[in-house]
1. So how tilted is helix 176-192 from the main axis of the chain? Cα-based, degrees 0 to 90, rounded to 10.
2. Return the loop-located GluC sites (Glu not before Pro) in the stretch 322-406 (DSSP other than H, G, I, E, B) with at most 10 other Cβ atoms within 10 Å of their own Cβ; answer none if there are none.
3. Going highest first, how would you order 331-339, 251-259 by mean Cβ packing within 10 Å?
4. Measure out, as a whole number of angstrom, how far apart the alpha-carbon centroids of the stretch 1-68 and the stretch 509-543 sit.
5. Can you give me the relative contact order of the chain as a percent, contacts being Cα pairs under 8 Å and 6 or more apart?
6. Take the Cβ-Cβ distance between Leu91 and Phe471 as r, set R0 to 51 Å, and report the resulting FRET efficiency rounded to the nearest 0.05.
7. With every protein chain present, what is the per residue accessible area of the chain (1.4 Å probe, Å²)?
8. So what is the 222 nm mean residue ellipticity for the chain from helices alone, if each DSSP H run of at least 4 adds -39500 (n - 2.57) and you divide by all residues, rounding to the nearest 500 deg cm²/dmol?
Amino acid sequence: MKNEWWRGAVIYQVYPRSFMDSNGDGIGDLPGITEKLPYIASLGVDAVWLSPFFKSPMKDFGYDVADYRDVDPMFGKLGDFETLLKKAHALGLKIIIDLVLSHTSDQHPWFQESSRNRDNAKAGWYVWADPRPDGTPPNNWMSVFGGPSWTYNVRRGQYYMHNFLDSQPDLNLHNPAVREALLDEAKFWLDMGVDGFRLDATTQYFYDRTLADNPPREHPEPMFFNIDFPVPFTMQEHINDISIPETVGFLRDIRALLDRYDGRMGVAEVGGENGIQLAAQFVSGSDRLHTAYNFSLITGREPSAGLIADAVETFKAQPGKGWPSWAFSNHDVVRVLSRWGGESNADPRLAVTLLAALCSLRGSAFVYQGEELGLTDAVIPYDRIQDPWGKYLYPEWQGRDGCRTPMPWTEEPGRAGFTAGDPWLPIPAAHNAHCVALQEKDPHSVLNLFRAFIAWRKTVPALKTGEIEFFDGPDDRHLCFIRRGGNQDVLCLFNFSGNASRVKLPGEAGSPKGTAFESGALMGIVKDGTATLPAFGIFCQLV
Ligand code: BGC
Ligand code: MG
């Protein structure tokens, strides 16, 4: 029997800097996470994805790794991770760690050596190229965070490539020695017992070795990380620096390594416009990754049933029968409630409805810390902004700090039970009102309704692995589908609007039977082939 625990799992993302601080330095850490594992287990989720906690100069808050095998002192020690892993396993939680294989920090010993001169043992481990005769960079590639993808290095008299910050040099994955070394780093953690990897920036793994220019885009990408104005990165077609066909070969190598262990998994982060198609490619068949998530539902300004149904259908229509993953929020984007709920009217009821919808789609669901509390995105004053991307685009865009503020555990103003010191990012006063301590006491809080939904979902296997069939609701604010698996059919209706509504049901769905998800004031009723839903209503029941 294959151990496919990840199929249809609910995976909770922890951003270590902002989950729980155990030592009063204002920054979350591993012992803090360990202390809160019972809370995570109480949600009923299957697994935890930990964003990077490795040794790092933190220029990109850990996505710039200086040592893949050690914990940054800010987060604790390697032993603290082993304790965390053991406790998580004892609580029935899997642990997925974040592997950043596309690039390292410029402080990584590999880059230190590679940049020394042109003929050291690691000379070919990064992407080096001569300047053009006029001294300018080898081509026109632009980095995600702004500016050219190339920075000059005096000692080598060459440029090195970086898809992100200039302190994140791109590893040359065309070099077999580099791929080998990376697999070895991964093996270190598998031997320790981690249950899987979230693979960062997989679309940036390779580049076209001819270093040909990217062509300009006719129309800049309309919305990129909720930046809705053109930036140089969105003005070109990334055909030569991103999503190069070689990627699949390396994903196969990662899969082969994972398959040497029991019950381990790999989930790819797939950015970019063709995210759904690429994600499907990366998980097609049984020798590529187990699953992948893309950014198609991490966009837009309002909840759209059409957007969600299209994404799920488009994935399903791709060749290869792979298993998708979906997320509405993560540490890189505006929190879903602010994005889809509007600046001022983000309603906690919508938070519940979105969580239930996310965890009902065909795929594995990624829930970002604080999403279970219905948190909105924080507005960060300029002098507190930490994200270099935000500093670059301020005041037009504040960067990614708004979703990275610390978890509000208690009502304590300013600290919210997260730290005994000064939090590294301000905790909005509005978040205190949504803190865990308060929500624990209210059976109809977002937190408790999320728990109730996950508990109910566990009794309905079709919601985990069943097929999905969408049907039209009265408008784009109604997501309607049936999940079918084994001999179960589950009717799922979600009203993303603040108005009560009626949904006409297709024939067989008109007569619900068996257990329903009890969502209190949000619960719809079905009578004579029609569902009546309250504002932000939910109706999930066997039919
Ligand atoms: C991560 C980001 C990070 C980038 C570079 C991503 O896609 O999620 O947080 O800045 O990769 O590593
Ligand atoms: Mg700390």
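1. So the inclination is approximately 50 degrees.
2. Those satisfying the criteria are Glu343, Glu396.
3. Answer by packing, highest mean first, reads 331-339, 251-259.
4. 35
5. Once divided by the residue count of the chain, the mean separation gives 12 percent.
6. With a Förster radius of 51 Å, E is 0.85.
7. Details: 19870 Å² over 543 residues.
Ligands and nucleic acids excluded, the result is 37 Å² per residue.
8. -6500 deg cm²/dmol
The values are calculated or read from the model by the stated rules, or taken from the named source; none is laboratory data. Given the structure is predicted, the values throughout are model-derived calculations rather than measurements. Here the Cβ is made from the backbone with ideal geometry for all residues, glycine too, and neighbour counts use every protein chain on show. Only protein heavy atoms, including side chains, enter the accessible area calculation; ligands, DNA and RNA are left aside. Shrake-Rupley method; radii C 1.70, N 1.55, O 1.52, S 1.80 Å.
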